[in-house]
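Undergrad: Before I ask anything, let me first share the structure, which is written out below as C-alpha cells.
The values are calculated or read from the model by the stated rules, or taken from the named source; none is laboratory data. Everything numeric in this text was worked out from a predicted model, so none of it was measured. Glycine gets a Cβ as well: all are built from the backbone with ideal geometry, and neighbour counts include every protein chain shown.
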Amino acid sequence: MDESLRILVMADGEHRKIAMLAQGKLMEYYEEYGDETTLVNAVILGRVENVSPGVKAAFVSIGQPLNGFLPLGEMQSFHALQGDKPLVSGTDVIVQVKKDAKEQKGAYLTRDIALPGQTLIYMPLNHYIGVSKRVDQPEERETLLAMGREIGEQEDCGLILRYAALYAKKSELLSELEQLKVLWVDILKKAEFQKAPVLLYREPSALTALVRDYATRYQLSVTCNDAVNRMPSPVGGLLWEQVSSLELEAVWRSASVDAQVAQALSRRVELGNGGSLVIDEREALTTVDVNSGRYLGEKGEELALTHNLASCGEIARQIRLRNVSGIVLIDFIDMKTDEERKQVIDCLEAELSHERGKTVLHGFTSLGLLEMTRKRTGVSLRETLQEPCKVCGATGYRNRIERDHKRE
Ligand SMILES: [Zn+2]
C-alpha cells in the first residue's frame, strides 16, 4: 500500500460533489443528492404498534423516537399480488421509508418495497411497470416500457426503468435486476432472524462506497466541509479532516477539480508530449484515438511503441474518470510486431488495475484496434452532468440551413 488517494467532498445542502485525486490528478468524480442521515429507501423490520382504521394507517415502531406512519392501502398492484392481509398490533412487518421523520411527524412508510439500482428500480411485491419521468421522449418511453413489460413478466416483478436504462443493453438491465433480487433475498433472510425494530438495508452513499472499495488498498484522506457526512463507522487508516466551506473551496480550486472535470467531458485530451487522445463516447461503443502529434518523424516506428506506452496511463485514467462502460476500442499508433502489441496490452492492463472498475482486454482486432470491455457501474460522468442535445438529436450534427441553431 504505497499509494494514497485524496477525496474531497463538497457538500452544499443535500447536494454533494465528490472528487478523488491521486498525485493531483482527478481519478473519479461523483455528484449525489441526499445525506447520510436520511433513511429514505432504507428497509426496516418494524413492529406494528397500533392500527388505526380511522386514519387508514398503522403506526409502526422503526427504532426512531416517533413511530412511522404506514398507510393501510398500497398501490392496487401490490394488493392484487399480496392480498389484503390485515395488519395486527404486535406483529412484525417489513417496511421501507419513503419520507424521513420531520418535527412531530414520524417517517412515512410503505410495505411495497422498491429497491433502486442504477438503471432500474426493482419492486418484488407488485407488478407495476413504469418509466422515469426524466425520459421525456414518447418513443423512448414506449421502448423502455415495452422492455420493462417483457422483463417484468419474465421475472414476475414490478419495475421502473430509470433514465440510465436508455443507455443500457437488455443484458445489463437483467444483470442489475439479478443483483437486486439477491439483495431482496438477503433482506428477507435477515428479517427472519432479527428482532424488530431493526435496520435491514440502507443504500450506501458514493462516499461510503469509495471508502469501502479503496480503503484496503490505499491510504485514504477525506477532506469535507460538512460534519453531517462523517463516516458512520470510521475505517482504519482513514484520515478525516473537516474544514470550512471557504477552505474547501480553496483546496478544490488549487486542485483544479472543475477544470479536470471539464476536460473529462471534452473529446480531446492533450497528452503533454505533443500527442493527444480523441475520445468519442457513444451508446454502444467508446472509441479512443491515440494521436502522436508532430514529432514522429523518420524514427516513427520505434517511437510508435514509446508513444503508445506513454499514452496508457492517461487512457486508463480517462476511461475510469468518465466511467465509460461496454465496448471500448483503442486506435493506437500502428505497431509492426506482436511483441510490441503485447507490451502495450500489459502496460494498459497494469494501469487499469488500480481502479475498482472491471475491465477485460480482448486483444487487437484484425484491423489493429485494441478491444476491451468495461463493466457498467453507476452512470457515466457524462450521464451525471450532461444530457443528450435535443437540437441535434445527440448526433453532434445539424442541417446546414439551420443558421440560428445555438450550441448548448
Ligand atoms: Zn447538438
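Undergrad: So which residues in the range 82-97 are out of contact with any helix residue (DSSP H, G or I) (no Cβ under 8 Å at 6 or more places or on another chain) and crowded, with 18+ Cβ neighbours inside 10 Å? Walk me through how you get there before you give the answer.
TA: First pass over the range 82-97, keeping only residues out of contact with any helix residue (DSSP H, G or I) (no Cβ under 8 Å at 6 or more places or on another chain): 82-91, 93, 95-97.
Across the range 82-97, the qualifying residues are VAL93, VAL95, GLN96, VAL97.
Undergrad: Go through the range 51-79 and count every residue that is over 19 Å from GLY106 (Cβ atoms) and exposed (fewer than 11 other Cβ atoms within 10 Å of the Cβ).
TA: Residues that pass the stated criteria total 0.
Undergrad: State which residue pairs qualify: first residue outside the structural domain of ILE18 (by TED's automatic domain parsing) and hydroxyl-bearing (Ser, Thr, Tyr) and inside the range 384-397, second residue in a helix (DSSP H, G or I) and surrounded by 11 or more Cβ atoms within 10 Å (Cβ to Cβ) in any location, beta carbons under 8 Å apart, and separation of 6 or more residues or different chains.
TA: As it stands, the answer is none, since no pair meets every condition given.
Undergrad: In the range 332-346, is there at least one residue being within 16 Å of the ligand (Cβ to nearest atom), of a type in the set (Val, Ile, Thr) and either closer than 21 Å to SER266 by Cα or part of a loop (DSSP other than H, G, I, E, B) (or both)?
TA: no
Undergrad: If I ask for residues that are charged (D, E, K, R) and either crowded, with 16+ Cβ neighbours inside 10 Å or touching a residue at least 40 places away in the same chain (Cβ under 8 Å) (or both), which ones from the range 156-175 would you list?
TA: ARG162, LYS169, GLU172 - these are the residues of the range 156-175 that are charged (D, E, K, R) and either crowded, with 16+ Cβ neighbours inside 10 Å or touching a residue at least 40 places away in the same chain (Cβ under 8 Å) (or both).
Undergrad: Related question: Output the number of residues of the range 347-399 satisfying the condition of being more than 16 Å from the ligand (Cβ to nearest atom) and basic (Lys, Arg).
TA: So the count comes out to 5.
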